[in-house]
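The values are calculated or read from the model by the stated rules, or taken from the named source; none is laboratory data. Being a predicted model, the structure only gives us computed values, none of them experimental. Virtual Cβ from ideal backbone geometry, glycine too; neighbours counted across all protein chains shown. These area figures cover heavy atoms from the full protein model, side chains too; ligands, DNA and RNA do not enter into them. Shrake-Rupley method; radii C 1.70, N 1.55, O 1.52, S 1.80 Å.
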Amino acid sequence: METILLDGRWSLSAIIADKNIPLTRTAYTLPIPGEIHDALYSEGAIEDPYKGLESLNTSFISKSGWKAEKTFSLSKNHEAQYDMLLSRPIGKAVVVINGMETGEYSDTVRIRCTDALKDGENTISIIFPPQISDERITALGIKGGIWIESSEDYLIRSVSIESSFDGSEWIADAEITIDAFKETEVDASLSINEKSEAHAIKLRKGTESYHLQLRPGDVQLWYPNGCGQPHLYPAEVLIDGRRFMFDIGFRTIEADERLIVNGVQLFLKGASYAKEDFIPTRTDSGRIERLIRSAKSANMNVLRIDGWKPSSELYDAADRCGIMIYQTGLDSGIKELISHPSFIPRTKNTVSVLSRVKPIGFPSLPSMKTIERIGDSKKNITSPAMDYHGEEMERILMHLASNFLFPENLEKMVYLSELQQAMILEREAAEIRMDSSASGILIDRLNDSWPAAGRAAIEYGGKWKLLLYAARAFFSPLAPILYVSNDKAYIYVVNDTGKKEKAELSIKLRSFSGSKKDAREYTVEVEPGSFTKAAEFPLKRLSRADGFLYVKMATKDILRERVILLDKPKNLNLENPEIKAEFSKADARTVYIKLKASKPALYVALDAGDIKGIFSDNLISVRPSAEKTIIFTAEDDINETEFRSKLKIMSLL
């Protein structure tokens with residue numbers, strides 16, 4: 001087989017121009033892989049569409065028709081067949097080869113182009129017709145690449161691997177789809193877990209699928225996050241020397257009242273996953289990996305993807321992290337997903353279970369860093385730019401006014417909006433846990449696709465909102481759940497682990513001055529996979545405006561703390577906690593922050609500004625008798641002096 005790579009510089013021109021097109025030139029350059037907005041931005045033809053209202057000014061791009069074109073030379077072998085591979089087009093793309101239109105495509109496709117190609121100079125045109133979507137930016141381009149394969153004998157169309165359990169042992173089945181141009185024979189092998197199965201496959205003329213099966217012997221199973229390790233095995237399919245590599249996991253998926261993986265019932269905890277970027281070429285495998293690892297760190301075990309097809313890098317990362325993926329609205333490309341243990345197949349039973357996963361969501365403002373990135377020079381959340389980059393801004397402000405005293409500055413407003421989002425979702429999650437019909441909890445959105453205010457737990461660029469830190473707590477496999485109704489607080493213990501636990505609970509009613517008004521202790525045995533009522537605590541011994549409830553849960557392995565307010569924050573008689581911080585640097589990327597307070601400091605939040613990294617804990621409470629040490633782990637080397645200057649510490653007062 002021979003391969004001709006067609007990536008690189010392609011000429012770009014508008015062919016069906018919007019009447020308001022502001023371009024001053026007729027020709028530009030589109031790098032493949034690449035996207036038209038970025039191509040025009042790099043040549044100074046437009047501003048960054050993510051800044052301010054610029055995406056409105058660049059809307060002509062999706063309303064116009066565009067042609068990317070490349071000419072190349074070919075010494076055509078008239079005995080061979082030729083296929084062109086168009087990998088991951090962004091939007092709809094029409095392929096024209098030497099004036100011959102082959103079709104319109106919106107997904108990776110293999111195009112038989114033997115008749116269209118000629119000996120000598122060839123011209124390929126990729127035409128992007130005018131397109132409109134509901135998104136703020138309609139991207140156009142090629143995310144993967146373009147190349148031509150040729151062979152006199154056969155071309156491989158696809159290779160996938162599926163594992164199954166026959167009741168006594170595991171079977172790995174490699175399906176190889178080949179387009180053979182004549183009857184011939186190929187050597188093929190499948191290797192997993194130091195075992196190999198090799199065969200000579202007799203190819204019949206035409207397109208057919210062939211199978212290689214291997215019994216890998218004793219294997220460690222792949223488990224979702226929180227249930228065990230996501231064990232993977234490298235698998236190799238070799239076809240006449242051409243190598244296809246996979247990481248395969250062995251697991252069973254069933255469904256009853258709950259999703260069942262390897263015989264273990266799961267309560268699903270996760271979020272909807274949005275496109276990493278409205279302009280797909282602006283993301284890479286590292287960014288995807290960080291998002292999936294963030295979901296894992298927040299104790300999630302599932303992500304839902306609605307109506308779009310993610311890259312293989314996402315499924316690879318989900319396989320490694322034990323995050324299951326529930327894909328909806330996908331009509332094609334399912335076969336290539338079967339190789340991934342993270343993929344949840346759509347069956348009648350799994351659809352039934354997943355339909356009972358309850359959504360939770362509420363919007364918040366983004367960080368100051370993202371507000372600055374939006375480019376609003378006034379930094380005013382009611383400005384046209386912020387409104388355009390926002391979701392439900394009126395709802396955010398109305399709830400803030402209803403629950404909090406109006407903040408003295410924008411930084412405080414950002415903090416309160418994120419705190420509000422976290423508190424609302426924590427309460428909703430507790431209510432769902434008490435609903436025995438629920439099979440899981442799904443945060444409305446894990447991530448943002450561009451700089452915006454909205455429902456995401458991770459804002460554009462990868463920064464965690466306070467919500468994700470809160471989710472890490474209320475999604476914890478073993479945790480206390482607090483719920484207040486009338487004059488009582490109800491304390492439950494959730495145990496999503498596979499073993500019985502003995503939990504010691506300490507419940508204290510405290511004033512904001514720090515004095516203890518009531519205290520009780522309980523011991524509760526918690527069965528695996530259960531939600532157990534541990535205690536009822538009366539709240540009549542203190543005015544709701546004068547104190548809070550503190551709960552500590554300890555087992556032999558863990559310590560969990562929770563705080564719950566008894567009234568709206570605006571009604572509370574808070575006292576200045578006088579928070580102090582001490583710093584020590586452990587290594588080039590790690591800083592320890594020791595927090596002390598003279599009075600109870602509630603919902604303490606730390607923000608490192610534009611320094612990328614994650615705190616070991618956040619949205620915490622610091623009591624005078626119990627200082628807290630928080631670890632900040634940066635993505636890159638950091639300067640301690642710079643870190644001190646950029647770190648912001650805020651609390652409810």
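If you average the C-alpha positions of region 576-653 and of region 1-66 separately, how far apart do those two centres end up, in angstrom? Result: 44 Å between the Cα centres.
Long hydrophobic helices in the chain, taken as whole DSSP H segments with a C-alpha length of 20 Å or more on their own axis and mean Kyte-Doolittle hydropathy at least -0.5: 410-433. The protection proxy used here, the mean number of other Cβ atoms lying within 10 Å of each residue, ranks peptides 540-550, 197-207 as follows, highest first: 540-550, 197-207.
For Asp387, Asp218, Asp617, the ranking by accessible surface with the largest value first comes to Asp218, Asp387, Asp617, using a 1.4 Å probe.
Using a cutoff of 8 angstrom between alpha carbon atoms and counting only pairs six or more residues apart, the relative contact order for the chain works out to 8 percent.
For region 247-296, relative contact order (Cα pairs under 8 Å, six or more residues apart, normalised by length) works out to 18 percent.
Could you tell me which of rounded, prolate or oblate describes the chain, using a ≥ b ≥ c as the square roots of the eigenvalues of the alpha-carbon gyration tensor, with rounded for a/c under 1.5 and, failing that, prolate when a/b is larger than b/c and oblate otherwise? Verdict is oblate for the chain.
Remark: region 341-486 carries 36 Å² of accessible area per residue (probe radius 1.4 Å; ligands, DNA and RNA excluded). The order of Asp134, Asp107 by accessible area, most exposed first and with a 1.4 Å probe, is Asp134, Asp107. Here the peptides 591-600, 344-353, 41-50 are ranked by packing, the mean other Cβ count within 10 Å, and the order with the highest first is 591-600, 41-50, 344-353.
Surface composition of region 354-395: carbon plus sulfur atoms contribute 47% of the solvent-accessible area (1.4 Å probe, protein chains only, all chains present). Could you tell me how far the Cα centroid of region 134-164 sits from the Cα centroid of region 470-509, in Å? That distance is 47 Å. For Ile248, the residues 5 or more places off, or on other chains, whose built amide H falls under 5 Å of its own are Tyr233, Ala235.
First check a/c for region 433-573, with a ≥ b ≥ c the square roots of the eigenvalues of its C-alpha gyration tensor; if it is under 1.5, answer rounded, and if not, answer prolate when a/b is larger than b/c or oblate otherwise. Since a/c reaches 1.5 but b/c is at least a/b, the shape of region 433-573 is classed as oblate. Here the accessible area of region 90-191 is 41 percent carbon and sulfur, with a 1.4 angstrom probe and all protein chains present. Phi-derived couplings, Karplus 6.51 cos²θ - 1.76 cosθ + 1.60 at θ = phi - 60°, listed residue by residue for region 103-115: x, 10, 9, 10, 8, 3, 9, 10, 10, 6, 10, 4, 6 Hz, with x used for Gly and Pro. Scaling against 2.2 N^0.38 Å puts the C-alpha radius of gyration of region 286-343 at 1.05. Surface composition of region 1-80: carbon plus sulfur atoms hold 47% of the accessible area, using a 1.4 angstrom probe and ignoring ligands, DNA and RNA.
Per residue, region 62-198 exposes 44 Å² of solvent-accessible protein surface, assessed with a 1.4 angstrom probe and all protein chains in place. The alpha carbon centroids of region 288-361 and region 98-121 are separated by 33 Å. Surface listing: Cys321, Cys227 arranged by accessible area from highest to lowest gives Cys227, Cys321, probe 1.4 Å.
Surface analysis of region 491-643 yields an accessible area of 47 Å² per residue, using protein heavy atoms and a 1.4 Å probe. Our compactness index for region 314-460, the C-alpha radius of gyration over the empirical 2.2 N^0.38 Å, is 1.27.
Distance cut-off 27 Å, Cα to Cα: go down the list Lys51/Lys463; Lys585/Lys612; Lys143/Lys202; Lys508/Lys570; Lys585/Lys628 and report the pairs above it. Distance filter (> 27 Å) returns Lys143/Lys202. Under 1.5 on a/c is rounded, so check that first for region 114-197, then, if it is not, pick prolate when a/b is larger than b/c and oblate when it is not; a ≥ b ≥ c are the square roots of the alpha carbon gyration tensor eigenvalues. Oblate, because a/c is 1.5 or more while a/b does not exceed b/c. For the set Lys488/Lys540; Lys379/Lys412; Lys296/Lys348; Lys412/Lys646; Lys568/Lys596, the pairs lying more than 20 angstrom apart at their alpha carbons are Lys296/Lys348; Lys568/Lys596.
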